[in-house]
Amino acid sequence: MVKEPLILCMGSACHQLGVYEVLPKLQALIRDYQLDDRLILKGSFCLETCSDGITMKFRDQCFIKISPQNIEEKFVQEILPAIQSVASCC
Ligand code: FES
C-alpha cells in the first residue's frame, strides 16, 4: 500500500507554539491507531496559516489550532475521520 503523507508544519511560528511537543504525541497516535502502514508523517515549511496555531495537512485539507494540549482530541475528532474517509474508498 502506498503511504499517504500526513504533513505537520515545522515552521518557526508552529515551532514557537510547541510543535516539537506535538510530534511525539502524533507519532504515538499513529501507532495506537495502527496507521503506520497507511501514513507517512512529514514535516513541512510554513503552511501559511501561522495565525491559526499549529497546522497539519492531509491531502488538501488543513487542520488548524493544534496544540500539545489538544492534539489527541484534534486527531480523533478531525484528522482520523479525514484519513478513514479516504481509506474506506480505496
Ligand atoms: S509556521 Fe506553521 S503555519 Fe506558518
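Any read-out appearing in this document is the output of simple, stated calculations on the displayed coordinates, not a laboratory observation. Only a predicted model underlies this, so the values are computations on that prediction, with no experimental measurement involved. Glycine also receives a Cβ, built like all others from the backbone with ideal geometry; neighbour counts cover every protein chain displayed.
Please pick out the residue among LEU29, LEU47, LEU17 that is within 16 Å of the ligand (Cβ to nearest atom), within 16 Å of ALA82 (Cβ to Cβ) and in contact (Cβ under 8 Å) with a residue 24 or more places away in the chain.
After ruling out the rest, the residue left standing is LEU47.
SER67: within 12 Å of the ligand (Cβ to nearest atom), among the polar types (S, T, N, Q) and either more than 21 Å from GLN84 (Cβ to Cβ) or surrounded by fewer than 16 Cβ atoms within 10 Å (Cβ to Cβ) (or both), yes or no? Break it down stepwise before answering.
Details: within 12 Å of the ligand (Cβ to nearest atom): no; among the polar types (S, T, N, Q): yes; either more than 21 Å from GLN84 (Cβ to Cβ) or surrounded by fewer than 16 Cβ atoms within 10 Å (Cβ to Cβ) (or both): yes.
Considered against the rule, which asks whether it is within 12 Å of the ligand (Cβ to nearest atom), among the polar types (S, T, N, Q) and either more than 21 Å from GLN84 (Cβ to Cβ) or surrounded by fewer than 16 Cβ atoms within 10 Å (Cβ to Cβ) (or both), SER67 comes out as no.
Output the number of the condition that TYR20 fails; it satisfies all remaining conditions of (1) under 16 Å from GLU73 (Cα atoms); (2) under 14 Å from the mean Cα position of the chain (by Cα); (3) loosely packed, with under 13 Cβ neighbours inside 10 Å.
(1)
So ILE83 ticks every box in (1) near the ligand (Cβ under 10 Å from one of its atoms); (2) under 13 Å from the mean Cα position of the chain (by Cα) but one. Which box is left unticked?
(1)
Say we look at segment 50-64 and pick out the residues that are outside any strand (DSSP E or B) and either within 15 Å of the ligand (Cβ to nearest atom) or among the hydroxyl-bearing types (Ser, Thr, Tyr) (or both); which of these is surrounded by the fewest Cβ atoms within 10 Å (Cβ to Cβ)?
SER51
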